[in-house]
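Worksheet for the structure shown next.
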Amino acid sequence: MNTLLLVSRPSHHTNLALLKEKDSSPLEFRVSHPTQIGDIHKGVVLDIQKNLGFAFVDFGEKTPGLLSRPPSFWENTPFTKGSSVLVQITRDKVKHTPLNEQQEEKEKNVRLSLTLSFSSAFFIFQPKTPGLRFSKTISKQDFSEETLSKISELLSDNEGLTVKPLARKASFEALEA
């Protein structure tokens, strides 16, 4: 008998279903908190660990977020302790529950990024990341030159766009909306 675990993660919750050959049965699954992935915050740099390549950023939660960048970034950065910074959450806080009594409970901080992105059904818009890119399952050849030209005209020199697979079947009017 084949069994498949289907995981769906729309917006702020997670759905699981256990699918078997002849029937399907939902699983009882609860997320302790809604996801914050994609949320954008104005934060304050609390501490920079240049040699380790990260900084702790207070973004309004109990524990600071971790902003990871290559060590070379921190050598030439304008950020200092107390600097304001615009960040996007890329990973929720993770709590590791021990398997036995000898292990202690561990918690990993929220992961942050300086690269902001805004996602829709057809595109991922990235200010300050110039260029037109395509999702792994599609290519430039899936679109007419006219459509690609019109999409490119909508972007300024410092803006970028990643085209998602769903865009392949949409009209330019739908893409533009």
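With a cut-off of at least 2 residues that are over 27 Å from P165 (Cβ atoms), without any contact (Cβ under 8 Å) to a residue 60 or more places away in the chain and in contact with a His (Cβ under 9 Å, 6 or more places away or on another chain), name the strands (runs of 3 or more DSSP E) lying wholly within region 59-140.
Strands (runs of 3 or more DSSP E) meeting the threshold: 84-91, 106-108.
Exactly one condition in (1) at pLDDT below 90; (2) under 23 Å from the mean Cα position of the chain (by Cα); (3) in the same structural domain as V85 (by TED's automatic domain parsing) is not met by L67; state its number.
Checking L67 against (1) at pLDDT below 90; (2) under 23 Å from the mean Cα position of the chain (by Cα); (3) in the same structural domain as V85 (by TED's automatic domain parsing), the one that fails is (1).
May I ask you to say which residue of N109, N158 is closer than 20 Å to I48 by Cα and touching a Pro at 6+ places or on another chain (Cβ under 7 Å)? Write out each step before concluding.
Numbers: N158 fails: closer than 20 Å to I48 by Cα.
Testing whether each residue is closer than 20 Å to I48 by Cα and touching a Pro at 6+ places or on another chain (Cβ under 7 Å) leaves just N109.
The values are calculated or read from the model by the stated rules, or taken from the named source; none is laboratory data. Not measured: the values here are computed from a predicted model. For neighbour counting, all protein chains shown are included, and Cβ atoms are generated from backbone atoms with ideal geometry for every residue, glycine included.
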